[in-house]
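Asks: Once you've had a glance at the structure underneath, I'll fire off some questions.
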Amino acid sequence: MIMTDKRIVIFGSPGSGKGTQAVMIAKELDLKKISLGDILREEVKKGSELGEKVKSYMEKGLLVPDDLVSQVIEENIAQTGFILDGYPRNLDQAKNLEAILKKKNLEIDIFLYLQVNQETIIERLTKRGRGDDDPEVIAKRWEVFINECNQILEFYRNNGKLMEVNGQGSIEDIFKRIKDLLE
Ligand code: AP5
């Protein structure tokens, strides 16, 4: 499968496997992986000015304000192919991404939605135990996702970019489903 200059967004609820599959897709297709959550966690770890600003939102499972994350995305978007994990998460961010890409004469090719039910994500995240995998924070992250997902899915459905994948099952089976879809 040769798709080295594709620009893919991977979208799904917390724990849907976006990060896991993004690594595998990036390797398979030789794409730059841009994971907003990883970038923000690194800033928190470094104690940078941005890290200090985003920390409390992340700890509570809330979205970081758009003006803070938008700049990070703009700095990381590459001219080459990429897979973007964790951005956009709502309609405003989707429109902002369009604007960022337009300035560079680029556009998203595929918006890949990993569908997973709430029971599965609670099981996966509880097992992982990251700082924000506490039951109350997981519930808040899920609520934020549910509140935002319909509008953004509709946006990408309407512009013909949406591809939906069943995100239940083993990591390998899901990866195979994605590869089949992309081919
Ligand atoms: P982020 O880091 O993006 O977290 P998230 O969206 O909550 O997603 P997760 O990392 O929990 O899950 P994932 O879907 O990537 O799944 P993963 O592969 O890791 O964001 C964190 C925070 O940053 C946000 O809450 C917000 O505060 C802020 N933020 C980020 N983006 C933002 C934005 N755009 N705007 C504003 N704020 C933003 O898998 C999860 C676990 O399940 C792992 O242990 C994995 O090994 C396991 N697993 C994966 N697949 C399977 C499988 N098929 N079977 C069994 N286990 C599996």
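Asks: Suppose every Lys and Arg Cβ carries +1 and every Asp and Glu Cβ carries -1, with no other charges. What dipole size does segment 109-183 come out with about its Cα centre, to the nearest 20 debye? Let's see the in-between values first.
Replies: Details: 11 positive and 15 negative charges, 27 e Å.
Charge dipole of segment 109-183: 120 debye, to the nearest 20.
Asks: Also, quick follow-up: Work out from phi, with θ = phi - 60° and the Karplus expression 6.51 cos²θ - 1.76 cosθ + 1.60, the ³J(HN,Hα) of each residue of segment 157-162, listed in order in whole Hz, and give x for Gly and Pro.
Replies: Per-residue couplings from phi come out as 5, 5, 9, x, 9, 6 Hz.
Asks: Related question: Can you check what the net charge comes to around residue 59, using other residues whose Cβ is under 13 Å from the Cβ of residue 59 (Lys, Arg +1; Asp, Glu -1)? Kindly include the intermediate steps, with their values, before the conclusion.
Replies: Working: positive: 41, 53, 55, 60, 130, 140, 141; negative: 52, 132, 133, 134, 136.
That works out to +2.
Asks: Hey, rough spin-label estimate for residue 149 and residue 176, points 7 angstrom out along Cα→Cβ, what's it come to in nanometres?
Replies: Result for the modelled spin labels: 2.5 nm.
Asks: In addition: Pop a pseudo-label 7 angstrom from the Cα along the beta-carbon direction at both residue 127 and residue 164 and give the gap in nm to one decimal.
Replies: Result for the modelled spin labels: 2.5 nm.
Asks: Now for a different question. Under a 10 Å cutoff between Cα atoms, tell me which one of 75, 148, 98 has the largest fluctuation in the Gaussian network model of the chain.
Replies: With Cα springs under 10 Å in the chain, the top fluctuation among 75, 148, 98 is at 75.
Asks: Quick one: net charge around residue 70, please, counting Lys, Arg +1 and Asp, Glu -1 for every other residue with C-beta under 11 Å from its C-beta. The partial results should precede the final answer.
Replies: Working: positive: 95; negative: 66, 67, 74, 75, 92.
Net of charged neighbours comes to -4.
Asks: Assuming a ≥ b ≥ c are the square roots of the Cα gyration tensor eigenvalues, decide whether segment 49-183 counts as rounded (a/c under 1.5), prolate (otherwise, with a/b larger than b/c) or oblate. Please report the intermediate quantities before stating the final value.
Replies: Numbers: a/c = 1.76, a/b = 1.09, b/c = 1.62.
Oblate, because a/c is 1.5 or more while a/b does not exceed b/c.
Asks: Per 0.36 nm of contour for each residue apart, how much would the distance between residue 32 and residue 115 grow if the chain were fully extended, relative to their Cα-Cα spacing?
Replies: Between residue 32 and residue 115, full extension yields an extra 27.6 nm.
Asks: Within the set 60/161; 46/179; 45/176; 18/53, which residue pairs have Cα atoms separated by over 26 Å?
Replies: Numbers: 60/161 31 Å; 46/179 36 Å; 45/176 34 Å; 18/53 24 Å.
Result: 60/161; 46/179; 45/176 exceed 26 Å.
Asks: Here is a follow-up. Using Cα pairs closer than 8 Å and at least 6 residues apart in sequence, work out the relative contact order for segment 92-183, in percent. Don't jump to the answer; show the numbers that get you there.
Replies: Numbers: 54 pairs, mean separation 34.6, N = 92.
Relative contact order of segment 92-183: 38 percent.
Asks: Contact order normalised by length for the chain, with contacts defined as Cα pairs under 8 Å and 6 or more residues apart; what percent is it? Display every interim value, and only then the final one.
Replies: Working: 253 pairs, mean separation 59.0, N = 183.
Averaging sequence separation for qualifying contacts and normalising by length gives 32 percent for the chain.
Asks: In debye, nearest 20, what is the charge dipole magnitude of the chain about its Cα centre with +1 on Lys and Arg Cβ and -1 on Asp and Glu Cβ, if you could check? Provide the component values of the computation, followed by the final result.
Replies: Working: 28 positive and 32 negative charges, 49 e Å.
Value, rounded to 20: 240 debye.
Asks: Using a Förster distance of 22 angstrom, determine the FRET efficiency expected from the C-beta separation of residue 105 and residue 5, and round it to 0.05.
Replies: Numbers: r = 13 Å, r/R0 = 0.59.
My answer for the efficiency is 0.95.
A short reminder: the numbers here are calculations on the coordinates, not readings from a lab. Because the structure is a prediction, the values reported are computed rather than measured. Neighbour counts are summed over all protein chains in view; Cβ atoms, including those assigned to glycine, are modelled from backbone coordinates with ideal geometry.
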